[in-house]
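For reference, the structure discussed in these notes is given below.
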Amino acid sequence: MNQTATAHRARELLENVLGADASFRPGQLEAILAIVDDRRRVLVVQRTGWGKSLVYFLATRLRRDAGAGPTILISPLLSLIRDQLGAADRAGVSAATYNSGNHDEWRDIDERLAADELDLVAISPEHLGNPHFRAALEQMPRGIGLFVVDEAHCISDWGHDFRPDYRRIGRIVGTLPRGVPLLGTTATANDRVVADIAAQLGDDLSVVRGPLGRASLRLQTVDLPSQAERLAWMADVLPSLPGSGIVYCLTTRDCETVGRWLRSRGLRVAHYHSKMSPEERPALEEALRRNEVKALVATVALGMGFDKPDVGFVVHFQKPGSAIAYYQQIGRAGRSLSDAVVVLLHGAEDDAILDYFIDGAFPPEQALREVLGALESSEDGLTVGAIERPVNLPRGRIEQCLKVLEADGAVFKDGPRYERTANPWTLDRTRIEGVTDQRRRERQRMTDFTGGRTCLMEFLQGELDDPSASPCGRCAVCAGSIVAQHPAPAVVAAAADFLHGAHQRVLDPRKQWPAGIVGVGARAIPPALRAEAGHVLSVYRDAGWGRLVHDGKHRDHRFDDGLVEAAALAVLDSWTPDPPPQWVTAVPSISSPVVPEFARRLAVRLGLPFRAALTKVKEAPPQKTMENSYRQARNAIDAFRADGSQVSDAPVLLVDDLVDSRWTLAACAAALREAGSGPVHPLALADSSRGAS
């Protein structure tokens, strides 16, 4: 088919999808012709809403009509894949996806691929290493017709959302048969990212790049240092914002807190993050599409590819780590609207959270070598749980190390077990240091952005190296304030009260010891030795009581009387343990009397006796040095003993300052019960676990 004929057919397909009056945007038809007729490798860098998916769907249909094999689409998020499959159907493209949530459909997809009945298969980059998928590819009678990398900035170390699994793509691209076209798409790539993508996808990569300004967006930044002020601002302002929209938070914890607060103020909102089940998230996305909620309060799990053209506003509870990431997220708003509101709130905790993400982006070299060493010492490979025994690292860090090592080709996964390959491995320290330094510079640029000294849209376009950047005339810097900057004092006070109780929750007891623990009998903890369901007052260092816990532990060396009152009210009112405790004891510390002293004051407030029923074994190392569940449990079991002369057979309140793994409380409860105590009710002042954030 010559280019004239291809262009004519492409226009027919476009009208079928979008209607008789539809026309291509600048660059769309050129990209399609380069893929279909020239079989070239193309990178499309265009603003959100430009229609990048339309390019690969129409190119797929044209390639299939010409006798080519199916398109393989690499896409980073399930929500993005769901949207793409719906769009594919509207474009006359038969599509399916392999993912962890649809195992029951894999056999049917295999058969349709083998019968050449599918036009497109969408997968996550993690799935590229799945043996089942590789075997399915080998059964395709016409091979791969088009290879698409959506959100291609993820392939770059310098991209705002780099993912180790995307590094597989560069190796796969090198094995594609000659003449198989390739398409990469992104809205968020500056010159550095484009150069890195080209280095991995091929020097012959053609770049189709357009202006990135978004005329429909009105941008403003608002400085509100405390979480209470920002919560109050949203309660005041969100009802007046146009239509429905998205509120972005940096952490899942803040997502849930903001969602609960707004619902308590009568707003119809829901929270959305990656820890929610695959069944919950599509329903929430659909509720936003149908305007059944005013907003989804979300982490970046609701990001790339979520398709609702009439999103009326995007609000950020904290600032993102880079201007590029921010541009990508606000790109959800105003695709089909002439006017949408975008507000960036920023506060005192932003930089600390961002530094945590930057510092944790790459596992330390020592951690990588420890994991590699454990695998090298095993003949048959190890599961993640088995690696925890010789390697004193958190499970999440071990999994992160394995992901990096697998992407580097140093290990491979066989079922649940990981094995060392024969490939040599060295750490690219220069790359890691360079990326880390760049992310710190990007964080500083976001601080510059919130200062609001130049046009906000022009600033973002400049960070993306857009040569068309110019003042927008619509943002708060260009045209004056769009939304109120100061919430009502009464609402701020109500938000502060809410935060004091926002993170109080049930503390579920441990019911079994980790696999491999010696000396505890059966793995299941007998009911007679378990703690009861307990209570946590706060999240460590967070707004509310969490800051007082931190200050009392590290600055004042005494917990504030307000914490005594809050703990007493929890026992007497909001928690009300059953059967009620008749005495109080504390988790002891060799180095500090802070917790027992607090427990004594709490006992006086409750009118109960305090008994020093537990002792700490001196030779046991501090629990905070134990990094994973196996080691935490082993250390806690060895660390505490109950003094039978101090133990009462009545129900007891067991007090500790911080709870993380819950193994200390499990071991102390077992020791107390073995010594003759009644039911043990744990009370912790703050949750310091990684999962709390």
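Might you check whether a residue that is at pLDDT below 90, farther than 30 Å from LEU375 by Cα and in a loop (DSSP other than H, G, I, E, B) occurs anywhere in the range 484-505? Checking the range 484-505: at least one residue is at pLDDT below 90, farther than 30 Å from LEU375 by Cα and in a loop (DSSP other than H, G, I, E, B). Among the residues here, THR664 does not qualify as more than 38 Å from the chain's Cα centre (by Cα), outside any loop (DSSP other than H, G, I, E, B) and hydroxyl-bearing (Ser, Thr, Tyr).
Comparison of VAL584, VAL595 shows that the only residue that is modelled with pLDDT of 90 or more, in a helix (DSSP H, G or I), open to solvent by less than 20 Å² (accessible area, probe 1.4 Å) and more than 26 Å from ARG395 (Cβ to Cβ) is VAL595. Per the conditions (1) in contact with a helix residue (DSSP H, G or I) (Cβ under 6 Å, 6 or more places away or on another chain); (2) of a type outside the set (D, E, K, R); (3) at pLDDT 95 or above, the sole criterion not satisfied by THR299 is (3).
Within the range 407-432, how many residues turn out to be hydroxyl-bearing (Ser, Thr, Tyr) and in a loop (DSSP other than H, G, I, E, B)?
The number of residues fulfilling the criteria is 2.
If you go through the range 250-271 and pick out every residue that is farther than 18 Å from SER689 by Cβ, out of contact with any Pro (no Cβ under 7 Å at 6 or more places or on another chain) and either at pLDDT 95 or above or charged (D, E, K, R) (or both), you end up with 12.
Annotation: of all residues in the range 374-401 being basic (Lys, Arg) and assigned to a helix (DSSP H, G or I), the one that is least open to solvent (accessible area, probe 1.4 Å) is ARG397.
Looking at the range 570-595, which of its residues are without any contact (Cβ under 8 Å) to a residue 40 or more places away in the chain and of a type outside the set (D, E, K, R)?
Step one: of the range 570-595, the residues without any contact (Cβ under 8 Å) to a residue 40 or more places away in the chain are 572-573, 576, 578, 589-593.
LEU572, THR576, SER589, ILE590, SER591, SER592, PRO593, listed by residue number.
Looking at the structure I just gave you, is GLN318 modelled with pLDDT of 95 or more and not hydroxyl-bearing (Ser, Thr, Tyr)? Yes; evaluated as a whole, the condition is true for this residue.
Taking each residue of the range 13-31 that is in a helix (DSSP H, G or I) and of a type in the set (Asp, Glu) and looking for partners that are at pLDDT below 90 and surrounded by 15 or more Cβ atoms within 10 Å (Cβ to Cβ) with beta-carbon atoms closer than 7 Å, six or more apart or interchain, yields GLU30/VAL208. When GLY546 is tested against (1) closer than 19 Å to VAL506 by Cα; (2) modelled with pLDDT of 95 or more; (3) not aliphatic (A, V, I, L, M), just one condition goes unmet, and that condition is (2). So which residues in the range 9-30 are at positive phi and more than 35 Å from the chain's Cα centre (by Cα), if there are any at all? Once the filter is applied, which keeps residues that are at positive phi and more than 35 Å from the chain's Cα centre (by Cα), the range 9-30 yields only GLY19. Checking each residue in the range 668-693 for being in contact with a helix residue (DSSP H, G or I) (Cβ under 8 Å, 6 or more places away or on another chain), open to solvent by 10 Å² or more (accessible area, probe 1.4 Å) and within 30 Å of ALA543 (Cα to Cα) picks out ARG690, ALA692, SER693. Going residue by residue through the range 525-535, is there one that turns out to be open to solvent by 30 Å² or more (accessible area, probe 1.4 Å), over 30 Å from GLY213 (Cβ atoms) and modelled with pLDDT under 90? No, because not a single residue in the range 525-535 is open to solvent by 30 Å² or more (accessible area, probe 1.4 Å), over 30 Å from GLY213 (Cβ atoms) and modelled with pLDDT under 90. For the range 429-436, does any single residue satisfy the condition of being crowded, with 16+ Cβ neighbours inside 10 Å and touching a Gly at 6+ places or on another chain (Cβ under 6 Å)? Scanning the range 429-436 turns up no residue that is crowded, with 16+ Cβ neighbours inside 10 Å and touching a Gly at 6+ places or on another chain (Cβ under 6 Å). Restricted to the range 102-136, and to residues there that are at pLDDT below 90 and closer than 20 Å to ARG61 by Cα, the residue that is surrounded by the fewest Cβ atoms within 10 Å (Cβ to Cβ) is ILE123. Quick check: is even one residue across the range 469-489 in contact with a Gly (Cβ under 8 Å, 6 or more places away or on another chain) and surrounded by fewer than 18 Cβ atoms within 10 Å (Cβ to Cβ)? The answer is yes, given that some residue of the range 469-489 is in contact with a Gly (Cβ under 8 Å, 6 or more places away or on another chain) and surrounded by fewer than 18 Cβ atoms within 10 Å (Cβ to Cβ).
Condition check: in contact with a helix residue (DSSP H, G or I) (Cβ under 9 Å, 6 or more places away or on another chain) and under 17 Å from LEU537 (Cα atoms). Does ASP657 satisfy that? Considered against the rule, which asks whether it is in contact with a helix residue (DSSP H, G or I) (Cβ under 9 Å, 6 or more places away or on another chain) and under 17 Å from LEU537 (Cα atoms), ASP657 comes out as yes. Here is a check on your reading of the model: is ALA235 at negative phi and at pLDDT below 95? Here the answer is no, as ALA235 does not meet what is asked.
Which of the residues belonging to the range 598-616 are open to solvent by less than 60 Å² (accessible area, probe 1.4 Å), of a type outside the set (D, E, K, R) and touching a helix residue (DSSP H, G or I) at 6+ places or on another chain (Cβ under 8 Å)? First the steps, then the outcome.
Here is the first cut: in the range 598-616, the ones open to solvent by less than 60 Å² (accessible area, probe 1.4 Å) are 598-599, 601-603, 606, 608, 610, 612-614, 616.
Now restrict to residues that are of a type outside the set (D, E, K, R): 598-599, 602-603, 606, 608, 610, 612-614.
Within the range 598-616, PHE598, LEU602, LEU606, PHE610, ALA612, ALA613, LEU614 meet the criteria.
Determine whether GLU117 is free of Cβ contacts under 8 Å to residues at least 60 places away in the same chain and in a helix (DSSP H, G or I). Considered against the rule, which asks whether it is free of Cβ contacts under 8 Å to residues at least 60 places away in the same chain and in a helix (DSSP H, G or I), GLU117 comes out as no.
The values are calculated or read from the model by the stated rules, or taken from the named source; none is laboratory data. Just so you know, these numbers come straight off a predicted model, no measurement behind them. Heads up, the Cβs are rebuilt from the backbone with ideal geometry, glycines too, and the neighbour counts pull from every protein chain shown. Just so you know, the surface numbers come from the protein's heavy atoms only, side chains and all, with ligands and any DNA or RNA stripped out. Shrake-Rupley method; radii C 1.70, N 1.55, O 1.52, S 1.80 Å.
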